[in-house]
Structure formats: C-alpha cells, structure tokens
1. Taking the stated definitions as given, is residue 70 in contact with a strand residue (DSSP E or B) (Cβ under 6 Å, 6 or more places away or on another chain), surrounded by 19 or more Cβ atoms within 10 Å (Cβ to Cβ), under 21 Å from residue 124 (Cα atoms) and touching a residue at least 24 places away in the same chain (Cβ under 8 Å)?
2. Return a yes/no flag: does region 73-89 have any residue that is farther than 22 Å from residue 154 by Cβ, in contact with a helix residue (DSSP H, G or I) (Cβ under 9 Å, 6 or more places away or on another chain) and buried (at least 18 other Cβ atoms within 10 Å of the Cβ).
3. Can you say whether residue 47 is assigned to a loop (DSSP other than H, G, I, E, B) and buried (at least 19 other Cβ atoms within 10 Å of the Cβ), as far as the supplied structure shows?
4. Can you confirm whether residue 30 is in a loop (DSSP other than H, G, I, E, B) and over 16 Å from residue 121 (Cα atoms)?
5. For residue 125, indicate whether it is at pLDDT below 95, surrounded by 12 or more Cβ atoms within 10 Å (Cβ to Cβ) and touching a helix residue (DSSP H, G or I) at 6+ places or on another chain (Cβ under 7 Å).
6. Go through region 100-119 and give me each residue that's in contact with a helix residue (DSSP H, G or I) (Cβ under 8 Å, 6 or more places away or on another chain) and in a helix (DSSP H, G or I).
7. Only one of these is part of a loop (DSSP other than H, G, I, E, B), touching a residue at least 12 places away in the same chain (Cβ under 8 Å) and farther than 18 Å from residue 149 by Cβ: 88, 97. Name it.
8. Taking region 96-110 as the search range and keeping residues that are within 20 Å of residue 10 (Cα to Cα) and surrounded by 12 or more Cβ atoms within 10 Å (Cβ to Cβ), which one is modelled with the highest pLDDT?
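The values are calculated or read from the model by the stated rules, or taken from the named source; none is laboratory data. Since we're looking at a predicted model, the values are computed, not measured. Glycine gets a Cβ as well: all are built from the backbone with ideal geometry, and neighbour counts include every protein chain shown.
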C-alpha cells in the first residue's frame, strides 16, 4: 500500500511533499498488486506525469483509492489506476494548467503555447481513462470542474465508490437467522421428537425409553403455537 498524501513536487521542500524519486523507491520496493491512496491538492504537472508513467508501466494491477481529494495534478496520477475507487465523501477536481511568466509579448506568447501543450498532454491521460471526447474534456478543464464520487463515476474518471466492508460482513451471517431458517429448524426438531413418541411396536419393557407427557397431537399443537409467533 502506498500513500500519496500531500503536494506533488520535483523536489521536497516540506515533509508532506511527494516526489517522483521517493514514489519510485516505494513503488518498486515490492511486487504484485498495489493500492495507492490519494489525498492531494495537486502540484507540479511534470512530477505528476512521472508518477503517472511509473504506475502505467507497473506490471501489477494498480488500485487507486481516493479518500480525500484528487485535485489538479493528483487527478492525472489517479488516471493510472487499473481501478479507481472514491470514498462517498471524496472529491476530484480538474482544471487548466497554470504557470508564472514574465517578459515581453513574445515571452507571454511562448508561455501560452507551452500551457496549451501541457493541457493537451493532460487531456491524453483523461481521454485514455474516460473515453470522453477531447473537446468535452477541454470544456471541463476550462470550467474548473469539481466532481463528487457519483459524478466522477458517471463521467468515467472513477470506476466505483468505496463501500464499508464491515456492513457487508455483518449482513451475510445475519441472513442465516431468517424466519424460514428458524422455522425449519424447529419443525425438524419437533418432527424427530414426534417420531420417538409414535413408536407402535415397542414392548412394555421399552416404554421407559418413550418421553412421558408428550403425545403427537400435543407436539403438533405446540408447533402451531410457535409458528404464530415467528
């Protein structure tokens, strides 16, 4: 299990930063299926691209579980999951990439062109996962779209919603104590008792083996009484 909790960055400036180098070391420390828990506001899109590529290239199945938020660059990483699951309370946010630039109009134009290309690269990841059109995805990014779990599943950004496994575990054995099960058990028990009483060929010497005070009619009457209260 890996935790992607914090800001995504090329280099770690704070304790909660997630860097490609750190993530790679943890990812390839083992083998087999891996689960990645995500709660991140995003960060550097290039660092996110590196982590996304690592997960896409990983040989085992990758289950992504979003328990808080997968926003911006973190949403790109989530797209690498073989299966993406979100908590009922989790959020996903996608938007256009942003940068800081300074200089003359040519410098600004170059920055715009760079952002356009970055956006197209992000759309590549969203398109592979969701199968939505590039135009649709572009509009969603333009609008800075926030999605709850149900919306993310509807649009294809997620595959399902995390369920409380404890509830499922309790529900299965509880079903075994249904009314029909209890009633059938009682009927079998009383029928066995009635057969013991209804021995026609017993000898007087064996009468001591027959339970006293319980005729077949009495047992049937008791069974009908029990049925009324089940």
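1. So residue 70 passes the test.
2. Let us first name the residues in region 73-89 that are farther than 22 Å from residue 154 by Cβ, namely 73.
This time we only want the ones that are in contact with a helix residue (DSSP H, G or I) (Cβ under 9 Å, 6 or more places away or on another chain), so: 73.
So of that shortlist, the ones also buried (at least 18 other Cβ atoms within 10 Å of the Cβ) come out as 73.
Looking for residues that are farther than 22 Å from residue 154 by Cβ, in contact with a helix residue (DSSP H, G or I) (Cβ under 9 Å, 6 or more places away or on another chain) and buried (at least 18 other Cβ atoms within 10 Å of the Cβ), one finds at least one in region 73-89, hence yes.
3. On the way: assigned to a loop (DSSP other than H, G, I, E, B): no; buried (at least 19 other Cβ atoms within 10 Å of the Cβ): yes.
Taking the combined requirement at face value, the residue does not satisfy it.
4. Here the answer is yes, as residue 30 does meet what is asked.
5. In short, no.
6. 118, 119 - these are the residues of region 100-119 that are in contact with a helix residue (DSSP H, G or I) (Cβ under 8 Å, 6 or more places away or on another chain) and in a helix (DSSP H, G or I).
7. Details: 88 fails: farther than 18 Å from residue 149 by Cβ.
Among 88, 97, only 97 is part of a loop (DSSP other than H, G, I, E, B), touching a residue at least 12 places away in the same chain (Cβ under 8 Å) and farther than 18 Å from residue 149 by Cβ.
8. By that ranking, first place goes to 96.
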